[in-house]
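Worksheet for the structure shown next.
The values are calculated or read from the model by the stated rules, or taken from the named source; none is laboratory data. Given the structure is predicted, the values throughout are model-derived calculations rather than measurements. Using ideal geometry, Cβ is built from the backbone for each residue, glycine included, and neighbour counts are taken over all protein chains shown. These accessible areas exclude ligands, DNA and RNA; they are computed on the full protein's heavy atoms, side chains included. Shrake-Rupley method; radii C 1.70, N 1.55, O 1.52, S 1.80 Å.
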Amino acid sequence: MTTTNCYHCGAIIPENVVIAFNHNGIECSFCCHGCEAVAHSILASNLDTYYIQRSENAITPKTISAQAEAELRLFDRGDIAEDYITFSKSTDKTTQASVELFIEGITCAACIWLIEKHLSRQPGVISIHINHSNQRANLTWQPDQIKFSELLLEISRIGYSAKPFIFDELQKYQAKEKKQAILRIGLAGIGTMQNMMLAVPLYIGASSGITDEFQMFFRWVSLLIATPVVFYSARPFFKAAIRDFKTRHLTMDVPVSIAIFIAYLASAIVTVSGGKDVYFDSVCMFTFFLLIGRYLEMNTRFKASEGLKRLNTLLPTSASLVALDGTESTVPIKDLVPGNRVMVRAGDNIPCDGQVLDGSSSVDESALTGEFFPVAKTINANVTAGTTNIDSPLLIEVARTGKDTRIASILTLMQAAMTNKGSVAVAADRVAAYFVAFILFSATAVGTFWYINDPASAFDIVLAVLVVTCPCALSLATPTALTAAMDKMRTEGILVLRSHVIDALAKASHVYLDKTGTLTEGRLKIVKTTLFNVTTEERAFSLASALESTSKHPIASAFRRYTPTHASTTPDKKETQVFLTHIKHTPGRGIEAMLLAQEHSQAAIESIRIGSRRYVEEIIKNRAMLPDETTTTLYLAGSVSGLMAAFEVTDKIRDSAPAMLQQCADLNIKTTLLSGDNLASVTSIAHTLNIQDIVANASPEDKLRHIRDQQSSVTQSVMVGDGINDLPVMAAADISIAMANAADINKINADAVMLRNDLTLVPRAIVLSQKTQRIIVMNLAWAFAYNATALPLAACGLIPPFLAAAGMSISSMVVVLNSLRIKKG
């Protein structure tokens with residue numbers, strides 16, 4: 001059987017679809033009218049070069065509905081446009097508008113060429129530039145010649161979807177801070193390399209001899225290189241130290257700033273006036289390593305703030321407001337107030353919390369409850385903002401909007417849970433304050449003693465004390481080990497996003513697991529087909545998939561991915577062709593239709609149904625044929641044929657789940673299945689995997705309450721999840737790990753993210769964290785032993801400053817080399 005591919009998107013054209021037109025003598029066939037309309041628009045604009053240049057097929061476009069067009073028209077309202085569009089005056093005093101767009105559907109460079117060419121031909125468009133890496137476009141036009149909504153519609157007409165990209169003040173600030181941090185690190189890195197190169201002849205010359213001219217030359221060059229490093233790269237340390245002095249709160253920035261500044265100042269004085277040693281290389285190196293650590297910390301903090309805003313994407317930008325006379329109008333959701341009535345059609349997200357006034361449908365609430373199967377909603381049922389209507393239109397009375405919705409409360413819970421992690425940081429600050437005070441006290445006491453007894457040696461000895469006690473090895477003891485561990489975990493398959501993960505995982509004693517999408521693959525599959533009154537499996541599948549093809553229910557996707565076990569290589573056309581009419585969806589039960597003898601025929605063979613046991617038994621005579629319902633099963637039956645087939649549907653358990661649970665047991669780590677799914681489904685999975693501790697039917701609030709109740713008796717808890725409904729409990733857990741298939745907001749807010757869906761990565765990460773903790777203890781022991789030995793020697797004047805700098809570098813090197821052992825494990 002030959003197949004024809006769509007001229008625009010490359011999809012296989014169904015047998016009963018005949019959509020085509022002739023272009024320059026070439027017959028162009030299409031899979032749908034959407035592709036036909038887009039191709040016609042492209043070819044009519046003389047942009048047919050697109051089809052030659054493209055390296056990948058286009059995405060099948062969606063037809064622009066009247067409601068979608070009305071939503072785009074809302075962007076022409078002044079109060080909405082001001083949130084996205086920047087207006088300015090050009091040199092000829094005409095008004096210009098600029099906006100940054102996010103464009104969906106770009107697959108290759110030819111897509112960019114097509115969009116830029118098409119928009120540049122529109123009246124009033126000044127410029128359009130698209131960045132392929134992030135699919136963002138900068139668009140500038142004259143609003144008095146063309147409306148913004150018209151430009152968005154033009155993009156839609158050629159098969160793409162565009163919406164304004166919101167780049168708020170917080171993001172601008174973060175982008176600026178990142179740019180400055182990278183510049184500081186780059187400058188300090190260059191300064192470190194150059195100064196180390198210049199320091200070699202100075203150190204060697206101190207023992208083997210060097211001419212005064214070369215020594216002076218090397219010192220002046222080192223001074224010139226170190227100066228921008230100190231006054232630009234190290235500026236954040238000085239600002240923080242000044243702040244600490246003002247607030248009378250000591251942090252590590254105080255001794256770091258004093259060491260950098262005094263070492264630089266002393267070296268500059270020696271360079272200008274003459275003297276023994278300079279320490280420009282140590283100043284640059286110390287600044288460089290500290291800046292890298294600060295950058296990683298800042299980057300993690302910024303990612304967390306970005307993730308909090310992603311919850312807003314679950315809400316639509318507009319709603320269909322229904323007036324008392326029944327007329328509908330599209331309005332922004334911020335205009336909705338309690339008491340309003342809104343119409344939510346199949347496939348649309350619900351814009352508010354409310355109650356169903358009319359209609360019946362299924363609603364996908366997985367974003368909030370974790371329940372994979374949609375929930376039937378009829379009159380008086382409550383619905384929640386951010387959930388998706390699946391089957392039929394619903395008329396909803398608005399109860400709560402904006403910050404009062406349930407999804408907003410989940411965001412609040414997540415923020416509150418994240419703040420509970422601050423106690424460890426507070427304790428660390430207190431310890432650091434005592435340590436800093438000890439360093440400053442020691443340097444002051446030593447300086448006073450030598451100033452009284454030997455003023456000439458006082459400066460060199462104080463400098464030696466500050467350098468030798470400079471917490472370089474101490475500050476590297478933990479970060480270098482953590483960096484090595486994070487890199488090792490990345491190569492193993494886990495991306496660590498928070499610095500506390502290693503420490504917490506090493507003490508983990510309880511792992512909580514979500515079910516759907518975590519322990520299971522999150523994709524419904526047909527695992528067994530039982531035939532009754534039907535000739536072949538292909539016929540049963542054709543009937544079932546024809547019914548399910550009209551549904552957006554997740555079960556329908558199982559039929560789209562399913563291939564009959566005994567499929568024939570040359571199927572009978574009568575077996576696979578199905579013609580249906582009068583299709584009816586009954587939320588929570590199934591689908592019914594009239595089966596026709598042939599296409600466009602008025603002669604019906606019988607009424608057929610697919611759905612639950614109770615649903616199909618209403619149309620069959622011999623109900624005794626129905627097998628016992630022990631699993632999730634869909635039944636196919638006809639009013640004449642009777643029971644035809646039963647499809648057993650399940651969500652496949654991940655192959656790595658049994659091994660992961662066994663490895664956790666070997667490590668004496670308790671596991672709990674914490675799910676929002678129904679009790680029967682959770683119990684079945686738990687029985688298969690031999691999980692003793694389960695919690696079912698748990699809402700996000702229930703999950704959060706459960707894990708907080710357990711935390712009082714649990715050393716460290718780990719939550720592994722993938723859905724938005726897991727966000728609060730993931731934030732409350734000591735460590736949260738997101739699956740590779742998790743929602744973007746979960747990945748950004750998680751403490752760690754799996755790079756592949758392998759659950760055994762969790763116990764492997766725990767073992768690696770335990771090894772890292774042992775190495776950190778060794779590093780800290782070495783650093784403290786070094787400082788405890790070197791401090792009294794430096795205070796007695798037995799260690800000159802250049803040996804103090806060398807000792808500090810050697811101690812740091814020992815810590816780094818010891819940390820690198822983590823990568824070998």
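Figures for the structure shown
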quantity: First in region 270-285 and outside any helix (DSSP H, G or I), second anywhere and modelled with pLDDT of 80 or more and among the aromatic types (F, W, Y), Cβ under 8 Å, 6 or more apart; calculated: Y279/Y264
quantity: Subset tally (residues that are more than 22 Å from K823 (Cβ to Cβ), at pLDDT 80 or above and surrounded by 24 or more Cβ atoms within 10 Å (Cβ to Cβ)) for region 733-774; calculated: 7
quantity: Qualifying positions in region 682-714 - open to solvent by 20 Å² or more (accessible area, probe 1.4 Å) and part of a loop (DSSP other than H, G, I, E, B); calculated: N690, Q692, A696, N697, S699, S712, S713, V714
quantity: Residues within region 67-119 that are acidic (D, E) and assigned to a strand (DSSP E or B), tallied; calculated: 2
quantity: Inter-residue pairs, beta-carbon under 6 Å, first within 16 Å of K163 (Cβ to Cβ) and in region 60-71, second modelled with pLDDT of 70 or more and hydroxyl-bearing (S, T, Y), 6+ apart; calculated: I64/S156; A70/T330; E71/S318; E71/T330
quantity: Sole residue being out of contact with any helix residue (DSSP H, G or I) (no Cβ under 9 Å at 6 or more places or on another chain), more than 25 Å from F784 (Cα to Cα) and modelled with pLDDT under 80, chosen from R523, R490, R498; calculated: R490
quantity: Single condition L531 does not satisfy, out of (1) surrounded by fewer than 19 Cβ atoms within 10 Å (Cβ to Cβ); (2) closer than 27 Å to N779 by Cα; (3) modelled with pLDDT of 80 or more; (4) of a type in the set (A, V, I, L, M, F, W, C); calculated: (2)
quantity: Hey, R560 modelled with pLDDT of 85 or more, more than 30 Å from D693 (Cβ to Cβ) and among the charged types (D, E, K, R) or not; calculated: no
quantity: Within region 6-23, considering residues that are touching a residue at least 24 places away in the same chain (Cβ under 8 Å) and within 37 Å of the chain's Cα centre (by Cα), the one most open to solvent (accessible area, probe 1.4 Å); calculated: Y7
quantity: Of all residues in region 718-727 being at pLDDT below 80 and not in a loop (DSSP other than H, G, I, E, B), the one that is surrounded by the most Cβ atoms within 10 Å (Cβ to Cβ); calculated: D726
quantity: Residue match in region 396-417 (condition: modelled with pLDDT under 90, buried (at least 19 other Cβ atoms within 10 Å of the Cβ) and over 28 Å from the mean Cα position of the chain (by Cα)); calculated: no
quantity: Selection from region 24-42 of residues that are open to solvent by 40 Å² or more (accessible area, probe 1.4 Å) and touching a helix residue (DSSP H, G or I) at 6+ places or on another chain (Cβ under 9 Å); calculated: N24, A37
quantity: Where V777 falls short, out of the listed (1) farther than 25 Å from A698 by Cβ; (2) open to solvent by less than 10 Å² (accessible area, probe 1.4 Å); calculated: (2)
quantity: Residue check, I610 modelled with pLDDT of 80 or more, open to solvent by less than 60 Å² (accessible area, probe 1.4 Å) and part of a loop (DSSP other than H, G, I, E, B); calculated: no
quantity: Subset of region 215-256 (residues that are among the polar types (S, T, N, Q) and in contact with an Asp or Glu (Cβ under 9 Å, 6 or more places away or on another chain)); calculated: S222, T251
quantity: Some residue of region 27-44 being among the β-branched types (V, I, T), within 24 Å of S120 (Cβ to Cβ) and modelled with pLDDT of 80 or more; calculated: yes
quantity: Residue in region 566-576 that is in contact with a strand residue (DSSP E or B) (Cβ under 7 Å, 6 or more places away or on another chain), outside any loop (DSSP other than H, G, I, E, B) and either modelled with pLDDT under 80 or open to solvent by less than 50 Å² (accessible area, probe 1.4 Å) (or both) present; calculated: no
quantity: Residue in region 591-600 that is within 23 Å of A556 (Cβ to Cβ), modelled with pLDDT under 75 and among the small types (G, A, S) present; calculated: no
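One line per residue, one yes/no per condition, for (1) touching a residue at least 40 places away in the same chain (Cβ under 8 Å); (2) touching a helix residue (DSSP H, G or I) at 6+ places or on another chain (Cβ under 8 Å); (3) not in a helix (DSSP H, G or I):
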site	(1), (2), (3)
I748	yes, yes, no
N757	yes, no, yes
L768	yes, yes, no
K771	yes, yes, no
M778	yes, yes, no
F784	yes, yes, no
T789	no, no, no
L798	no, no, yes
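For (1) closer than 15 Å to L101 by Cβ; (2) modelled with pLDDT under 90; (3) assigned to a helix (DSSP H, G or I); (4) over 21 Å from the mean Cα position of the chain (by Cα), each residue gets a yes or a no:
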position	(1), (2), (3), (4)
I130	yes, yes, no, yes
N134	yes, yes, no, no
A137	yes, yes, no, yes
D144	no, yes, no, yes
E154	yes, yes, yes, yes
K172	no, yes, yes, no
A175	no, yes, yes, no
K178	no, yes, yes, no
I182	no, no, yes, yes
